[in-house]
Structures are given as C-alpha cells and as structure tokens.
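Below is one structure, written out as structure tokens; comments come after it.
Only the coordinates and a few stated rules stand behind these numbers; no lab work does. None of the values given here were measured: they were computed from a predicted structure. With ideal geometry, Cβ positions are generated from the backbone for all residues, glycine too; neighbour counts draw on all protein chains shown.
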Amino acid sequence: MTIAERLVETRERIARAAIACGRRPEDVELVAVSKTKSAEAVREAYEAGQRAFGENYAQELVAKAEALGDASDIRWHFIGHLQTNKAKAIAKVAHVVHTVDSVGLARELGKRVGAEGRTESLPVLLEVNVSGESQKSGLEPSALREVLEAVRGQPSLRARGLMTVPPAADLAEARRAFEALAALRDAHGGAAELPDLSIGMSSDLEVAIACGATIVRVGTAIFGGRT
C-alpha cells in the first residue's frame, strides 16, 4: 500500500471515529508523524494532500524543513522532548510545538521565538505526564498552572492546549490517560482557554477522538514501521 493510500485510509478512520461520537471530522487535525522517514516520503505525503507533519528530533526537523523549503504551506509540528539548547533551532522552523514541559523551556523558547521576529506568536501545547511513568517526559499535573503562566508570560508564545503520550499497555489505559488530560484541561479554563488536545496515535486514535482529541499524531499507519 502506498503512502497516499494509507493517508486515505487514516482519514477515513478519523472521519468514522468523529461521526461515531457526534463530532465533525474536520475538527480533528491529522499530523503525519514522519520521524526517521526520508524527506522523499514526506514529499510523497505532501503531494497526496497532507500538510501537517510531526518530528521528534530538532536536527531532523531542520533538515527536512530545508529539503522541503519549496513547500510553502507545509506545517511542521515538533512533538518530541525539547531540550532548552535546541530551542533556537526549533524557533526557526516549527509552526507548532507540542512538548513544553517546564518554566525554563517556556522562557527559553519564548526568547528564541521573539528573536526570530515572527509576525505571529508560536502556538504551543504543554506536555503532561498524566500516567506518572518515570521514563516519559512531561510535567506533573500539579505543575501545569505554573508552566501555563510562564507560557502566557511570553509575548511570542500562545498556549493552545495540552498533549500527552499514554501508556502503551492497552486501549483501556489509553482512555484513562486521555480522560485525565481532558479533565485537567477542564480544571484550567476548558476549551475556551486551551482549545487543543493532542492525543491519539496509530493504535488508539478512535479512543482519542471519543475523548475529545483535536489533533492526532499518526506515523506507522501512514508511513509504515521504522526502517
């Protein structure tokens, strides 16, 4: 199956899942996770109509953004753990950052984005480790208010929502994580303040959409396994 065919299949999954829970398919954005895939694979997806792509590593994102510099309407989502020393590189090319998880990172990213002289603020999501897994990145739920205030204190950043990576165990565990994130958003102003929930991947996007996902991050179902 080609990348274009997998994209069609993935979009159909999203549409079915949205309709099943009374939502509009167009209210769920598909981010094609292209980490470890070639720039040629990204271009193939782009030519099939995909515009939003997710990358986990700063160096890889910068290289692909350069390789696809002629694709002026492509949107790069940074979805991996972001170290403060990589904020400058990300500030140059990312259109959305999903993984702000500390006051220090919010301040550094805000400073670097401001130095780029962008005409619009950079949308960011705060990554929350709702499952409490020690091996995962993300802030603790109790720290969310403090980091939110740090983001809002940066004129060059705009808090758009929350993101989490659920436990890999099963769909029931994923649902609990997604519901916990949605509840956390409700406790911090709801969708009016934080409109986006970045939840759901290839294996659990239907559950994520039922739990309110506005962004799903899908890699394997589009590009296949890692090579």
Just grab the label-to-label distance for residue 191 and residue 26, each label 7 Å out from Cα along the Cβ direction, in nm (one decimal).
-> 1.6 nm
Between residue 15 and residue 38, what length in nm is gained on full extension when 0.36 nm per residue of separation is reduced by their alpha carbon distance?
-> 5.5 nm
Kirkwood Rh, the chain, all Cα pairs: how many Å?
-> 17.6 Å
The range 5-86 - convex hull of the alpha-carbon atoms, volume per residue in Å³ = 107 Å³
Would you please give the FRET efficiency between residue 140 and residue 67, computed as 1/(1 + (r/R0)^6) with r the Cβ-Cβ distance and R0 = 45 Å, to the nearest 0.05?
-> 0.75
Starting from the amide H of residue 29, placed 1.01 Å from N in the peptide plane, find each other amide H under 5 Å away whose residue is 5 or more places distant or on another chain.
-> 215, 216
Relative contact order (percent) for the range 3-223, with alpha-carbon contacts under 8 angstrom and 6 or more residues of separation?
-> 21 percent
Report the residue, chosen from 214, 99, 119, that carries the largest GNM mean-square fluctuation when the chain is represented by alpha-carbon nodes joined by springs under 10 Å.
-> 119
A correct Karplus calculation of ³J(HN,Hα) over the range 62-67, with 6.51 cos²θ - 1.76 cosθ + 1.60, θ = phi - 60°, whole Hz and x for Gly and Pro, returns 4, 5, 6, 4, 5, 5
For the chain, built as a Gaussian network whose Cα springs stay under 10 Å, the top-fluctuating residue of 179, 116, 55 | 116
